[in-house]
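Note sheet for the following structure.
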Amino acid sequence: MAAVSQVLKRSFSSSSPMAGAIKNVTVIGGGLMGSGIAQIAAAAGQKVVLVETNEKLLQGANSRINESLKRVAKKQFKENPSAGESFVQETMGRISGTTNPSEGAASADLIVEAIVENMGIKQKLFATLDEAAPKHTIFASNTSSLSITEIASQCQRKDKFGGLHFFNPVPVMKLLEVVRTNDTSDETYKKMMEWGQEVGKTCITCKDTPGFVVNRLLVPQLAEAIRMLERGDASPRDIDTAMKLGAGHPMGPFELADYVGHDTTKFIIDGWHEKMPENPLFKPSELLNKMVKEGKLGVKSGEGFYSYKKK
Ligand SMILES: CCCCCCCCCCCCC[C@H](O)CC(=O)SCCNC(=O)CCNC(=O)[C@H](O)C(C)(C)COP(=O)(O)OP(=O)(O)OC[C@H]1O[C@@H](n2cnc3c(N)ncnc32)[C@H](O)[C@@H]1OP(=O)(O)O
Ligand SMILES: NC(=O)c1ccc[n+]([C@@H]2O[C@H](COP(=O)([O-])OP(=O)(O)OC[C@H]3O[C@@H](n4cnc5c(N)ncnc54)[C@H](O)[C@@H]3O)[C@@H](O)[C@H]2O)c1
């Protein structure tokens, strides 16, 4: 992955965005979600700067994107493999990396944050970005469960702040939840919706409420599945099979929670328990807490409810 300084010199000296069009996207956080968001923006022809905390994680994101693009190319260019290779190379060529968020923000029309699900860390990051990014830059968080209004509270540009909630895996899942706060301007909302369509997503809109639409319905279901397991009602495998064959889900709740990552699921449930202590649905799970304490984070660590270690 080219250093952003080289790409910025080469790419941004001559080009400047058309008034209003989102051409330069900065993604903060190159994990499960951020790497996918960077990938689809670059695949849509946009210049992407990916920001991570260190070079090793940047390289990891780079590899994850490259592997995913090869899977996409294998399907999209089935009849023309060499066109598929060019698609992968050209898309990767639009992505540069840096470990400096302020440098990464310098030429962004849109910044999408996909870092750890922690309110304080997100707020601190956006306060820094508010100083570094051009005045026209739109800020968006990919948070699963936190309040966009609260995340934006340390920023001046509350009119240019919203939520862009993608679904995992980003290159495959068609939905994008576009969230506006009471301060999000109509112009910002319109640009977020248009950008979501440009990167190939079907956009829905909802208010800035906990979990937006999908997670407000999904979290209780996954939580109830874990309580079912804790009561000994059924095994994870049988519960997953039940929901796949009985409800037509592509993944059962335990497969899905493993896929999402239990660091994230724990952040989500702990945050909602703190916000809504009276709601038994969001009471923390001893089993989940034990798994996280033991480092069993799901697919990302090789073990969660199931084992993913290569035999
Ligand atoms: C009591 C307290 C408990 C508390 C619990 C609280 C829980 C909280 C949980 C909330 C989490 C919220 C998280 C977030 O905010 C919201 C979400 O993202 S929810 C997750 C949404 N996603 C899903 O539901 C995914 C469902 N699964 C699937 O769609 C499929 O299983 C799959 C992931 C697409 C995989 O498909 P499969 O057919 O099973 O297997 P393959 O691997 O062969 O994939 C098929 C096909 O898809 C393409 N593909 C898959 N992955 C990628 C990728 N990363 N990049 C590109 N392409 C990909 C690919 O073409 C595959 O074909 P192939 O390449 O194999 O030919
Ligand atoms: N995992 C999912 O299924 C999913 C789906 C939708 C939304 N989300 C949300 O997306 C966000 C990221 O989730 P994820 O699953 O990708 O997590 P992840 O742990 O895979 O990735 C987060 C990345 O952010 C990086 N990071 C942390 N602080 C940073 C900082 N200050 N600057 C730059 N990088 C930083 C970490 O190094 C890590 O690589 C969370 O808010 C989560 O709620 C997750």
Can you work out D for the chain in µm² s⁻¹ from Stokes-Einstein, where Rh is the Kirkwood radius over C-alpha pairs, the temperature is 25 °C and the viscosity is 0.890 mPa s?
121
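Looking at the chain, send over the antiparallel percent of its DSSP beta bridges, to the nearest 5. Don't skip to the answer; put the middle values down first.
On the way: 7 of 35 bridges.
DSSP beta bridges in the chain are roughly 20 percent antiparallel.
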Spelling it out for residue 50: with amide H atoms placed in the peptide plane at 1.01 Å from N, the residues 5 or more places away or on another chain with amide H under 5 Å from its amide H are 27, 96, 97, 98
Using label points projected 7 Å from each Cα along Cα→Cβ, tell me how many nm separate residue 310 and residue 221, to one decimal.
3.3
Spelling it out for residue 162: with amide H atoms placed in the peptide plane at 1.01 Å from N, the residues 5 or more places away or on another chain with amide H under 5 Å from its amide H are 139, 140, 141
Segment 82-153-segment 220-262 distance, computed between alpha-carbon centres (Å):
32
In order through segment 63-79: 3J(HN,Hα) via Karplus (6.51 cos²θ - 1.76 cosθ + 1.60), integer Hz, x for Gly, Pro
5, 4, 5, 4, 5, 5, 4, 5, 5, 5, 5, 4, 8, 6, 10, 3, 7
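Which loop GluC sites (Glu not before Pro) in segment 220-311, with loop taken from DSSP, have no more than 12 other Cβ atoms within 10 angstrom of their Cβ?
Of the GluC sites (Glu not before Pro), the ones in loops of segment 220-311 whose Cβ has at most 12 other Cβ atoms within 10 Å are 278, 294.
Give, in nm to one decimal, the length gained when the segment between residue 276 and residue 86 is fully stretched (0.36 nm per residue of separation minus the Cα-Cα distance). Mind showing how you got there, number by number?
Numbers: separation 190, 0.36 × 190 = 68.40 nm, distance 5.00 nm.
Contour length minus the Cα-Cα distance gives 63.4 nm.
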Mind grabbing the base-10 log of I(q)/I(0) for segment 139-281 at q = 0.10, 0.13, 0.20 Å⁻¹? Debye formula, identical points on the C-alpha positions, no solvent, two decimal places.
-0.39, -0.64, -1.23
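Could you work out the helix-only [θ] at 222 nm for the chain, with each DSSP H run of four or more residues adding -39,500 (n - 2.57) and the total divided by the number of residues, to the nearest 500 deg cm²/dmol?
Values: 13 runs with 152 residues, N = 311.
Calculated from helices alone, the mean residue ellipticity at 222 nm is -15000 deg cm²/dmol.
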If amide hydrogens are placed 1.01 Å from N in the peptide plane, which non-local residues have theirs closer than 5 Å to the one on residue 23?
109
By average Cβ neighbour count within 10 Å, what is the ranking of 239-245, 40-46 from highest down?
40-46, 239-245
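Taking the Cα centre of the chain as origin and charging only Cβ (+1 Lys, Arg; -1 Asp, Glu), how large is the dipole, in debye to the nearest 20? If you can, show how the numbers build up before the last one.
Numbers: 39 positive and 35 negative charges, 148 e Å.
It works out to roughly 720 debye.
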Can you give the relative contact order of the chain as a percent, counting alpha carbon pairs under 8 Å and 6+ residues apart?
13
Whichever lysines have a C-alpha closer than 22 Å to that of residue 70, once near sequence neighbours (fewer than 8 apart) are set aside
47, 56, 78, 174, 201, 300, 310
Applied in sequence order to segment 80-95, the curve 6.51 cos²θ - 1.76 cosθ + 1.60 (Karplus, θ = phi - 60°) yields integer Hz couplings, x standing for Gly and Pro, of 9, x, 5, 5, x, 5, 5, 4, 5, 4, 5, 5, 4, x, 8, 10
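Every read-out reported here was derived from the displayed coordinates using simple, explicitly stated rules and does not represent laboratory data. All figures in this text were calculated on a predicted structure; none of them were measured in a lab. Counting neighbours? That spans all protein chains shown, and the Cβs are built from the backbone with ideal geometry, glycine included.
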